[in-house]
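Quick notes on the structure that follows.
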Amino acid sequence: MLSVGRINLLPVLEHTPFGLQLDAGNGRTVLLPQRNVPKDRDLKPGDELDVFIHYDSEDRLVATTETPKAQVGQFASLKVKDKNRVGIFLDWGLAKDLLLPHSEEFKPLNVGDHVVVYVFLDDRRGRITASARIERYLDKEPARYRTGDEVDLLPVSGTDLGVKAIINHLHWGLLHHSELNRFLPMGKPFRGYIKEVRKDGKISLSLDPVGQKAVMGLAEQVLAKLEEEGGVLMLSDKSSPELIKRIFNTSKGSFKKALGTLYKQGAIVIHPDRIERSK
């Protein structure tokens with residue numbers, strides 16, 4: 001079944017002067033215009049192609065091999081290109097801009113602004129539409145993440161506690177100030193980690209791996225630093241948090257866990273003022 005506003009894998013039916021006719025199922029076809037036909041593939045009838053299905057400037061259903069910045073069911077930060085009495089027009093990476101109706105604005109927007117929106121199919125007309133009222137589109141069901149899960153994050157706004165981010169296009173999460181060890185541009189997606197799912201359903205996030213995965217990663221960094229320093233590192237579990245933070249960009253607690261792991265493995269010897277690689 002054809003999914004409008006999503007990437008579909010469709011078979012090629014035939015070549016035409018205007019492009020490729022693709023099989024859209026149920027006896028329907030959709031055109032991939034000649035300008036979007038891959039030049040590096042000798043496509044034949046029956047070959048399959050990943051295409052994004054949308055409406056062109058004349059409201060005809062068409063396919064493209066271009067990838068938009070967001071598909072239906074996803075959130076993204078998009079730039080305002082134009083506005084008129086109909087609504088706001090957003091740059092989402094395709095020739096035809098994405099419409100954000102004025103009724104879906106959360107606050108007044110001007111050309112050049114960036115806004116986080118949810119992309120959906122309008123129920124009345126079936127058109128691909130954006131909404132800045134993102135709260136209504138987030139999943140209200142309890143999240144089933146586990147500590148240490150790697151997830152997609154979209155930072156949306158700063159708060160007194162840290163930065164709110166959308167997790168996997170589904171849930172709100174929070175990166176507390178203590179977790180922000182590097183610059184985090186709003187609206188730019190990245191990979192992060194689940195730090196904790198609290199009993200009240202709120203989700204704490206981390207920029208770096210957590211749990212045993214984080215300990216093992218830090219332990220590898222310590223071994224690499226030991227090699228770099230000739231097998232002796234003037235740092236130990238008695239060192240100040242500030243010194244540990246400066247060298248490994250981590251907390252003293254995490255550092256001690258990594259040292260404990262290496263000690264149990266017999267990889268290091270721990271002294272009050274230093275650690276050494278075991279002989």
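Values as computed for the structure displayed
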read-out: Degrees, to the nearest 10: 211-228 long Cα axis against longest axis of the chain; value: 60 degrees
read-out: Nearest-20 debye value, the chain charge dipole, Cβ charges on Lys, Arg, Asp, Glu; value: 840 debye
read-out: Candidates 251, 77, 206: whichever shows maximal mean-square fluctuation once the chain is modelled as a Gaussian network with Cα springs under 10 Å; value: 251
read-out: Descending semi-axes in Å of region 211-257, equivalent ellipsoid built from Cα gyration tensor; value: 16, 14, 8
read-out: Sequence-separation-based contact order of region 211-277, relative, with Cα cut under 8 Å and 6+ spacing, percent; value: 42 percent
read-out: The chain: radius of gyration and largest Cα-Cα distance (Dmax), Å; value: 25.4, 78
read-out: Cα-derived Rg to Rh of region 137-247, Kirkwood definition; value: 1.06
read-out: 18 Å Cα-Cα reach of residue 264 towards aspartates and glutamates, excluding residues that sit fewer than 8 places from it in its own chain; value: 220, 237, 276
read-out: For the chain, calculated [θ]222 nm from helices alone, where every DSSP H run of n ≥ 4 adds -39500 (n - 2.57); value: -4500 deg cm²/dmol
read-out: Convex hull projection area averaged over all views, region 75-136, Cα basis, nm²; value: 4.1 nm²
read-out: Mean Cα-pair separation over length for region 7-64, i.e. relative contact order, pairs under 8 Å, 6 or more apart, %; value: 38 percent
read-out: Qualifying chymotrypsin sites (Phe, Trp or Tyr not before Pro) in region 176-243, DSSP loop, other Cβ atoms within 10 Å at most 15; value: 183
read-out: Too-long pairs where the Cα-Cα distance tops 20 Å, listed order kept, from 140/199; 195/257; 195/238; 195/252; 79/140; value: 195/238; 79/140
read-out: Cα-based convex hull, region 150-206, per residue volume (Å³, whole number); value: 76 Å³
read-out: Helix axis angle, 252-264 relative to the chain longest principal axis, alpha carbon, degrees; value: 70 degrees
read-out: Sorted peptide list for 168-178, 136-146, criterion being average Cβ within 10 angstrom, highest first; value: 168-178, 136-146
read-out: Sparse-neighbourhood loop sites, trypsin sites (Lys or Arg not before Pro) in region 18-126 - DSSP loop, at most 12 other Cβ within 10 angstrom; value: 39, 41, 60, 85, 124, 125
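Read-outs throughout are calculated quantities, based only on the coordinates presented, and are distinct from any laboratory measurement. Note that the structure is predicted; figures quoted are calculated from it, not measured. With ideal geometry, Cβ positions are generated from the backbone for all residues, glycine too; neighbour counts draw on all protein chains shown.
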